[in-house]
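The structure appears below as structure tokens.
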Amino acid sequence: MIDRLMAEAPAFFTRDTAAFLGLALSRTLLMTVIGCGAGFVLGMVLAVVRRSRAGWLAPARVLAAAYVELFRRIPFLVILILVLFSVQAFAPDLSLLGIAAIAVTLAATAYLSEIVRAGLESVPRAQVEGADVLGLSAAQSFWLVILPQSWRVILPPAAAFMVMFIKDTALASHLGVVELAFSGKILVNRGFSPLYGFGAVLILYFLLSWPLGRMAAWLETRLAVSRHR
Amino acid sequence: MPFLDIVDLSAGYGGAPILNGVNLSVGKGEVISLIGPSGSGKSTLLRVLIGLTAPSSGQVSIDGTPVDYASKASVRALRRRMSIVFQQFNLFQNMTALANICLAPVKTLGVAPAAAEARGRELLASVGLADKADSYPDQLSGGQQQRVAIARALAMQPEILLLDEITSALDPERVGEVLDTVRALAATGISMLLVSHEMSFVREISTRVVMMDAGRVVESGPPAQIFTAPQEARTKAFIGAIIRH
Ligand SMILES: Nc1ncnc2c1ncn2[C@@H]1O[C@H](COP(=O)(O)OP(=O)(O)O)[C@@H](O)[C@H]1O
Ligand SMILES: [Mg+2]
């Protein structure tokens, strides 16, 4: 065992392997960041739509609620496959990574919109009335009063969701996206010991998640101390 | 002509009637206190007046102009003349005292930030909190928060101020400082419509006292009359119950 590892070491610890793993790592990171970033923005839009009261937005409220309820219940792998087939019908030139990023966005939108909604709801109704009676518009009261007070409730679970979703992006390997998990398998197929192939992948997943997790924990304690900043 | 005129105003929450035809007028510079048992609709009346709860019927006019509560523009215009202070202060928790005061003048009246800040500091000084400009609400006592809330309402330069039990959520030793602020305010000639359970204060400050019960005005008159010679049985019972306490 040790002998094999020693023998493979010179071939494994090379610039080539590092570049290969680096590229895979960047794909995992890209899917997560783009998907969760876009999902956060879209999720916020859905959350705002669902809070709205205007009569003409009633159909949008129903659609937003249906979307969130549906996409939180579909396994991520199924979303990936759905996106793959729909994209192939409409935009056959889109890369696999692009398809995966869209799938992550669809799933993240549903989850993050619930997180944003809980955050917005944590702000007492009286704060909105306080803004109302001063003549602030709905948009002003949202950006200046409600949202700033929601961050402390939104950010910790949103960051935790993103950290968790890093792992789920491994499912994109089923589509053929050479992300981190897939790259481990490829290294093993190239003849390296699984200890090297998957060991490297394990370490890289950890290096990706751990700082983000620490940041989420830091945010949580920092935001918990003071209500205002 | 009265400055604020309320005619046959009714309202309710989801169908249940709470206000049943309120008639009341407030003249320029008048200080009117609403008294009455809990649940009689005093807060609801103030909420309807400021446009937080929709009226079901009736008419409100300010300085002769009827208010259309279904129209955003009309309500916005109203809120430039009328401000409200709530029992729970409702200060924006994410802003300093000064920022709370400057926000609306800058964002809704278009006052230049520097001018708003100078005026904000003046207002803070006038409520005795010149040194608290940079404090956040959760760093202030209830009485201090309520004085900031009053300053915030005044920053809109309202012609009439609504005050809903603004001392009810305060520790007893903090009530005096807020009442002093209101007393000083009354002397400036601003019109006020206030709800209070501080009866000696009501008696001292009011030009007229209005007794409400079951969503109606039961009786109104000068404080001396309402407190010492009430005409209506319900007013007698209410005043009697308070004085026995
Ligand atoms: N948001 C609300 N929804 C439903 N009912 C309410 C609401 N606010 C007040 N009420 C009811 O309206 C009635 C009058 O309340 P309120 O105006 O607060 O009276 P007061 O201020 O004189 O104590 C009460 O019976 C109360 O339960
Ligand atoms: Mg009340």
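The values are calculated or read from the model by the stated rules, or taken from the named source; none is laboratory data. These numbers come from a predicted model, not from an experiment. Neighbour counts run over all protein chains shown; Cβ positions are idealised from the backbone, glycine included.
Which ones in the stretch B:50-72 are touching a Lys or Arg at 6+ places or on another chain (Cβ under 9 Å), assigned to a loop (DSSP other than H, G, I, E, B), more than 12 Å from ligand 1 (Cβ to nearest atom) and not charged (D, E, K, R)?
Hit for the stretch B:50-72 is B:Gly51, nothing else.
Contact list please: Cβ distance under 9 Å, first residue in the stretch B:189-202 and within 14 Å of another protein chain (Cβ to nearest Cβ) and under 15 Å from B:Pro37 (Cβ atoms), second residue in a helix (DSSP H, G or I) and more than 13 Å from ligand 2 (Cβ to nearest atom), pairs at least six apart or on different chains.
none
For every residue, the table says whether it meets (1) surrounded by fewer than 18 Cβ atoms within 10 Å (Cβ to Cβ); (2) of a type in the set (Ser, Thr, Tyr).
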{"site": "A:Tyr111", "(1), (2)": "no, yes"}
{"site": "A:Val123", "(1), (2)": "no, no"}
{"site": "A:Gly130", "(1), (2)": "no, no"}
{"site": "A:Leu155", "(1), (2)": "no, no"}
{"site": "A:Ala158", "(1), (2)": "no, no"}
{"site": "A:Leu195", "(1), (2)": "yes, no"}
{"site": "A:Val201", "(1), (2)": "no, no"}
{"site": "A:Arg214", "(1), (2)": "yes, no"}
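Looking at B:Gln231, B:Gln146, can you tell me which residue is over 18 Å from B:Gln88 (Cα atoms) and either among the polar types (S, T, N, Q) or assigned to a loop (DSSP other than H, G, I, E, B) (or both)?
One residue alone meets the criteria, B:Gln231.
Could you check, for the stretch A:220-228, whether at least one of its residues is part of a helix (DSSP H, G or I) and surrounded by 18 or more Cβ atoms within 10 Å (Cβ to Cβ)?
no
Could you check A:Val188 against (1) free of Cβ contacts under 8 Å to residues at least 40 places away in the same chain; (2) closer than 22 Å to A:Leu112 by Cβ and say which number it fails?
Result: A:Val188 fails condition (2) only.
Considering only residues that are without any contact (Cβ under 8 Å) to a residue 40 or more places away in the chain and either away from ligand 2 (no atom under 14 Å from the Cβ) or β-branched (Val, Ile, Thr) (or both), which ones fall in the stretch B:20-43?
B:Ser25
Quick check on the stretch B:109-135: of everything there that is in a loop (DSSP other than H, G, I, E, B) and more than 14 Å from chain A (Cβ to nearest Cβ), which residue is farthest from A:Leu144 (Cα to Cα)?
Here the answer is B:Gly128.
Go through the stretch B:24-41 and give me each residue that's touching a strand residue (DSSP E or B) at 6+ places or on another chain (Cβ under 6 Å) and among the polar types (S, T, N, Q).
Matches in the stretch B:24-41: B:Ser25, B:Ser33, B:Ser40.
Going by what's in this entry, would B:Val127 be described as modelled with pLDDT of 95 or more and under 22 Å from B:Ala184 (Cβ atoms)?
No: the conditions fail for B:Val127.
Sort through B:Arg79, B:Arg152 and tell me the only one that's of a type in the set (Lys, Arg), over 30 Å from B:Pro172 (Cβ atoms), crowded, with 18+ Cβ neighbours inside 10 Å and out of contact with any Cys (no Cβ under 6 Å at 6 or more places or on another chain).
B:Arg79
Starting from residues that are more than 8 Å from chain A (Cβ to nearest Cβ) and small (Gly, Ala, Ser), keep the ones in the stretch B:80-108 and report whichever is nearest to ligand 1 (Cβ to nearest atom).
Restricting to residues being more than 8 Å from chain A (Cβ to nearest Cβ) and small (Gly, Ala, Ser), the top hit is B:Ala97.
Restricting to the stretch A:132-153, name every residue that is among the small types (Gly, Ala, Ser) and surrounded by fewer than 18 Cβ atoms within 10 Å (Cβ to Cβ).
Listed by number, the residues that qualify are A:Ser137, A:Ala138, A:Ala139.
Taking only the stretch B:181-197 into account, find how many residues are away from ligand 1 (no atom under 16 Å from the Cβ) and not in a helix (DSSP H, G or I).
Going through the stretch B:181-197 one residue at a time, the tally reaches 6.
Being away from ligand 1 (no atom under 16 Å from the Cβ) and closer than 18 Å to B:Ser83 by Cα narrows it down to one residue among B:Glu177, B:Glu159, B:Glu165, B:Glu204; which is it?
The conditions single out B:Glu159.
When you scan the stretch B:31-49, do you find a residue that is within 13 Å of another protein chain (Cβ to nearest Cβ), away from ligand 1 (no atom under 16 Å from the Cβ) and of a type in the set (Gly, Ala, Ser), even just one?
no
Checking the structure you have, find out if any residue of the stretch B:192-201 is surrounded by 16 or more Cβ atoms within 10 Å (Cβ to Cβ) and farther than 18 Å from B:Val85 by Cβ.
Yes - at least one qualifying residue is present in the stretch B:192-201.
Just wondering, is there one or more residues in the stretch B:3-19 that are within 16 Å of the chain's Cα centre (by Cα), more than 14 Å from every other protein chain (Cβ to nearest Cβ) and within 16 Å of ligand 1 (Cβ to nearest atom)?
yes
Determine, yes or no, whether B:Val178 is within 16 Å of ligand 2 (Cβ to nearest atom) and assigned to a helix (DSSP H, G or I).
For B:Val178, the condition - within 16 Å of ligand 2 (Cβ to nearest atom) and assigned to a helix (DSSP H, G or I) - is not met.
In the set A:Arg50, A:Arg27, which member is over 30 Å from A:Phe192 (Cβ atoms) and in contact with a helix residue (DSSP H, G or I) (Cβ under 9 Å, 6 or more places away or on another chain)?
A:Arg50
Considering the stretch B:152-175 alone, what residues qualify as being among the aliphatic types (A, V, I, L, M), within 16 Å of ligand 2 (Cβ to nearest atom) and outside any loop (DSSP other than H, G, I, E, B)?
B:Leu162, B:Leu163
Quick check on this structure: which one of B:Leu170, B:Leu162 is closer than 23 Å to A:Val145 by Cβ and either loosely packed, with under 15 Cβ neighbours inside 10 Å or touching a residue at least 24 places away in the same chain (Cβ under 8 Å) (or both)?
Checking each option against the conditions leaves just B:Leu162.
Only residues that are touching a helix residue (DSSP H, G or I) at 6+ places or on another chain (Cβ under 7 Å) and either in contact (Cβ under 8 Å) with a residue 24 or more places away in the chain or of a type in the set (D, E, K, R) (or both): list them for the stretch B:53-85, please.
Of everything in the stretch B:53-85, those that are touching a helix residue (DSSP H, G or I) at 6+ places or on another chain (Cβ under 7 Å) and either in contact (Cβ under 8 Å) with a residue 24 or more places away in the chain or of a type in the set (D, E, K, R) (or both) turn out to be B:Thr53, B:Pro55, B:Val60, B:Ile62, B:Asp68, B:Arg79, B:Met82, B:Ser83, B:Ile84, B:Val85.
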